[in-house]
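Student: Please read through the structure below; I'll follow up with questions.
The values are calculated or read from the model by the stated rules, or taken from the named source; none is laboratory data. Keep in mind that what you see is a predicted model, and the values were worked out from it rather than measured. Here the Cβ is made from the backbone with ideal geometry for all residues, glycine too, and neighbour counts use every protein chain on show. These area figures cover heavy atoms from the full protein model, side chains too; ligands, DNA and RNA do not enter into them. Shrake-Rupley method; radii C 1.70, N 1.55, O 1.52, S 1.80 Å.
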Amino acid sequence: LNMPKSKLTTILVVEDDPTLLEFLVDTLKAQHYEVLPASSGNQAWQIIQSTELDLLVTDSAMPDGNGFQLIRQIEQSGRDIPILVLSGYLSLDEKSAKKRGATAYLRKPATPSELVSAVKSLIESHAA
């Protein structure tokens with residue numbers, strides 16, 4: 001039986017802290033996702049424009065603007081990508097993150113299992 005080779009799920013991870021970026025990328029790669037790292041909103045936007053993504057995981061705060069600016073750019077470009085926002089700010093909660101375009105929200109520091117389950121449910125609900 002010749003099954004069509006399914007494309008790996010591609011996830012863009014945007015995080016300006018190199019240690020955290022590495023943790024996020026490694027955690028998701030271990031789940032057999034294709035993971036593209038970006039350390040700024042600008043870098044992420046370049047990737048978004050040239051790559052078909054299944055999911056965006058972004059920090060809410062970055063040196064060149066913030067994750068929500070990136071979300072606005074994505075929305076304005078008409079792309080439909082589920083977005084998981086990570087935030088260490090206590091002032092940002094799930095409700096306000098979703099109001100600003102996030103599909104889902106995780107408080108930093110998230111454990112690997114929290115990250116993986118959030119990512120899985122987003123991908124599954126988006127594919128449905």
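Student: Identify, by number, the condition in (1) assigned to a loop (DSSP other than H, G, I, E, B); (2) at pLDDT 90 or above that Ser91 doesn't meet.
Tutor: (2)
Student: A further question on this structure: Please enumerate the residues belonging to the stretch 84-111 that are of a type in the set (Lys, Arg) and either loosely packed, with under 13 Cβ neighbours inside 10 Å or more than 22 Å from Asp26 (Cα to Cα) (or both).
Tutor: If we filter the stretch 84-111 for residues that are of a type in the set (Lys, Arg), which is where we start, we get 95, 98-100, 107-108.
Listed by number, the residues that qualify are Lys95, Lys98, Lys99, Arg100.
Residues are listed down the side, and each one gets a yes or a no for (1) modelled with pLDDT of 95 or more; (2) over 17 Å from Arg107 (Cβ atoms); (3) open to solvent by 30 Å² or more (accessible area, probe 1.4 Å); (4) of a type in the set (D, E, K, R):
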| residue | (1), (2), (3), (4) |
| --- | --- |
| Asn2 | no, yes, yes, no |
| Val25 | yes, yes, no, no |
| Glu52 | no, yes, yes, yes |
| Pro82 | yes, yes, no, no |
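Student: Go through the stretch 73-87 and give me each residue that's over 17 Å from Thr10 (Cβ atoms) and under 15 Å from the mean Cα position of the chain (by Cα).
Tutor: Within the stretch 73-87, Gln73, Glu75, Val85, Leu86, Ser87 meet the criteria.
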